[in-house]
Amino acid sequence: MPVYSGSSAASAGFPQTGKNRTVSDLIDEIAEFTGGQDRPDVQSQARRALFEAIRAFNAWAWVFNRVSEDITLVAATSEYTLSSNWRSPLVAQLVDSSGYTREHVEWIPYRVWMTELPDQSSTGSTPLYYTARNIHETGLVTVDPLPASTLTYPTLRLVYHRRILCPSDSNVINVPTEVEQAIFDEAVWRFLRKKKTFKEARDAKQSALLSKSEIQFEYRDFEDYHGA
């Protein structure tokens, strides 16, 4: 099955992570809350807390995690492989041969897809809908109707959310600086709840919740939905 990627490279100076701390530095700072920055066992606990915090932040879609990918439509091919990690759909558009977006393609959740579009034998010059049965397992999106031999628009542009990844110790978290700070605050309380008193952990959690609510106001996004 063909794989197509239309994602463009970032400009110089982007992503804007130049002020972010490396994972190693974040781990040291978290461990400092108990004076254990020089102890490998405490650093391991701090690393686990940091990665727990990153995974917790993936409960939401974020505007800084939007990814655009162009897929070249192929006659008689309904399934296409994505090139980046997918969390949730945002929008899909058809692009003409000159590179201009022309029409919207509607997202259909797979459960609805099975009940509302049971007959997928017909072909069409433009796909009207797209879905995903199990992105986590296969990385495939499916379009309907099946592309015909003659297509009105040759390209499907998918814009979707990816997840925040847990990087290696020498790298930074690929998020805006203020989001990195909120993730750090989340990691601190997750670390302290295993090391300190209930009150100390509770106070750290309150600080983390405040940080999270502030960045959600600016950066939280919402996925595409059926009937948009």
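The values are calculated or read from the model by the stated rules, or taken from the named source; none is laboratory data. Being a predicted model, the structure only gives us computed values, none of them experimental. Backbone-built Cβ (ideal geometry, glycine too); neighbour counts: all protein chains shown.
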(message) Just to be sure I understand, how many residues within segment 58-86 are under 24 Å from LEU209 (Cα atoms) and surrounded by 20 or more Cβ atoms within 10 Å (Cβ to Cβ)?
(response) 3
(message) Pull out all pairs, ordered by first then second residue, where Cβ-Cβ is under 8 Å, the residues are six or more apart or on different chains, the first lies in segment 132-158 and is in the same structural domain as ARG102 (by TED's automatic domain parsing) and on the phi < 0 side of the Ramachandran plot, and the second is basic (Lys, Arg) and in a strand (DSSP E or B).
(response) TYR153/ARG102
(message) For the condition of a type in the set (S, T, N, Q) and in contact (Cβ under 8 Å) with a residue 24 or more places away in the chain, what is the one hit in THR115, THR34?
(response) THR34
(request) Tell me, please, whether a residue that is part of a loop (DSSP other than H, G, I, E, B), acidic (Asp, Glu) and exposed (fewer than 14 other Cβ atoms within 10 Å of the Cβ) can be found in segment 39-54. (result) no
